[in-house]
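The values are calculated or read from the model by the stated rules, or taken from the named source; none is laboratory data. All figures in this text were calculated on a predicted structure; none of them were measured in a lab. Here the Cβ is made from the backbone with ideal geometry for all residues, glycine too, and neighbour counts use every protein chain on show.
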Amino acid sequence: MRSLTLHLKILITALVTLGIAITAYQILALGIPVSEDETDDLWNIDAKVEFIANPKDSVKIQMFVPPLAHDYISLNESFISNNYGVSVNRADGNRKVTWSARRATGNQTLYYRLVLTKRYSGEKPKVKGPIFRDSMTIEGPEKVAAEALLAPIRQHSADVETFITEAIKRVNNLHDDNVKLLLAGDTSASNKARITELLLSIAHVPMEKAHTILV
C-alpha cells in the first residue's frame, strides 16, 4: 500500500511539474496572454462588391482574398451573399473566391470579411498542395451514368474551376437520362449537391470547405 501511495505521489508530482513547464513556455516563449489586462491585436478585413445584374445573363464574380498562412491565422472568414454559390480556389499560389448565380436582377451586393490575429507559434505551417481525393464507391447503372456524365464535363472544362462549373450545370439538367437515374426522383438542392460531389470525387477533384451566410 505504501509503495502504491509513493508511486501515485511521484506521478502527481511529475504531471504537475510538466503542466507548469508547458504553461511557462507558452507565457515566456510564445507570449500568450494570461490575464484580462493583456490584450492581443485583431485585424478585420472587409470588402464589398456592388453591381447591377442583367437578368438575361448568369453572374460570376471573382476576387482575390488574403492567404491563410505565414505569420497570421484566421479567426473567422465569412462570404455573405443572397442566393449565390461560393467557391474558394487557388490561382498561382493565391486564394481566389468566386461568387456565381444562374440568374440575378437589379442591384447586387456581396460582402467578404476576414478576422486575423498573430500566430503565437514561431513555426510556420507548410503550404499544402492539391490533395488527392479517393473516389466514392458506386456500382452498376449508377456507375455507368456517372461516367457518361463525366465524359462531356471533361471535354468542356479547362481546369478545376471550369470542371466544377460544368459538373453543376450538367447535374441541373433534369432532362438528361443519366441525371434522372442518379437523382432517383429527388430533385432537391441537397441531392443535386450530393451528385455533384460524387462526380467530383470520381474525377479526384479536391474540395475546400467555405462557411457562407445566406441572407
Considering residues of region 77-100 that are aromatic (Phe, Trp, Tyr) and assigned to a strand (DSSP E or B) only, the residue nearest to VAL115 (Cα to Cα): PHE79
Residue that is modelled with the highest pLDDT [pool: residues in region 66-115 that are of a type in the set (S, T, N, Q), surrounded by 12 or more Cβ atoms within 10 Å (Cβ to Cβ) and closer than 19 Å to LEU42 by Cα]: SER78
